[in-house]
Amino acid sequence: MLFSALSIAAPTSPCAEGEAVCDLTWDVTGNRRLAEWSDVLIGVPLAIIGLVLLGLVARWLLHRLVDRVARRAERGVLPERVENAVAARRKQRAATMAGLLKSIITFVIVAIVGTMVLSELGVDIAPIIASAGIIGIALGFGAQSLVKDFLAGIFIFIEDQYGVGDVVDVGEANGTVEVVTLRMTRLRDINGTVWYVPNGEIVRVGNKSQNWSRAVVDVSVGYGEDLARVQRVLREVATDLWQDDEYNHVIIEEPEVTGVEMLAPDSVTIRVMVKTAPLEQWAVARALRQRIKARFDHEGIEIPFAQRVVWHREDRRHSSDQGPAPAVATDEG
């Protein structure tokens, strides 16, 4: 009887099953009201603080990972003597890509943590998620081109298709990249015209300045020239340019004379190829042509000009018995 009386008199816990904070407060204080409010006063703030700390730690770790990937992207694949010519642009592209990835990571983490915090505060997040889905669908239908531009811009950054300072061909527009955003790319062509190209409209990209470039020079000589001698002279001229202190920091590999490229009606074309640092192919090609011209003049190698046969007909009347006026052929060069 005494045991039964004690059992009846013992206070019952006000905590529901699984409420650890409430159970701990009840065991320590024995105060029913404090135990009932402990989850709101202690448990919810602790849960929110824990979620925020977890989000900050996840953001820090992911940002560190992005920084490591960006540092790897800054490392070049070119020889050391030409690395300085492209290091600044590579670092700029890596920094831009890292900034974009960090922004995306921060947005995603804030959205997830914010939703979980609202859930801890007792807010029904189902309507919020449903509303976000409806808004996303509406944006998808109403701003398809804008969404397409943004998605294309993200992949341009992530895949490093091109960056500021690159010379690219995107179809109707060609030129140097001045600005790249998530929505559009701004180019300036050789005439100074500025082109604004939406990223979603870019079907294909030809980058003329990524990692390395190539100067291709076609040289025409007469059919009477010794082709073996011509190729030897071209190889010497190209090698001298490669070893020149003014150009050895932009020419990556030893130049190559590929041989006869074309047999034209008036000449034989021989091709010279020089692998250069990005954006240096045009300056190298101009210097190579100038040296080839000077060396050919010294060696007496002919760079032919167009030759054609012109027929002159005398404009005079002849009697029927004399027949038509004779035609005279001359060979003009």
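Tabulated values for the structure
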{"item": "Extended-chain gain in nm, criterion 0.36 nm per residue less alpha-carbon gap, Asn174 and Leu46", "result": "40.4 nm"}
{"item": "√(5λ) per eigenvalue of the Cα gyration tensor, the range 213-299, largest first, Å", "result": "23, 13, 10"}
{"item": "Approximate shape of the range 161-207 as ellipsoid semi-axes (Cα gyration tensor, √5λ), whole Å, largest first", "result": "14, 11, 10"}
{"item": "Unit charges at the beta carbon, dipole of the range 161-207: most positive-side option, Leu182, Val168, Gly200", "result": "Leu182"}
{"item": "Charge dipole magnitude, Cβ of K and R +1, D and E -1 - the range 213-299, Cα centre, debye nearest 20", "result": "160 debye"}
{"item": "Coil-residue GluC sites (Glu not before Pro) of the range 173-277, DSSP, other Cβ within 10 Å capped at 11", "result": "Glu246"}
{"item": "Cross-link partners of Lys91 among lysines (Cα-Cα below 30 Å; sequence separation of 8 or more within a chain)", "result": "Lys102, Lys148, Lys208, Lys275"}
{"item": "Rel. contact order, % - alpha carbon contacts under 8 angstrom, at least six apart, the range 213-299", "result": "41 percent"}
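Laboratory data are not the source of any read-out in this text; all were calculated from the coordinates shown. This is a predicted model, so every value here is computed, not measured. We place every Cβ from the backbone using ideal geometry, glycine too, and count neighbours over all the protein chains shown.
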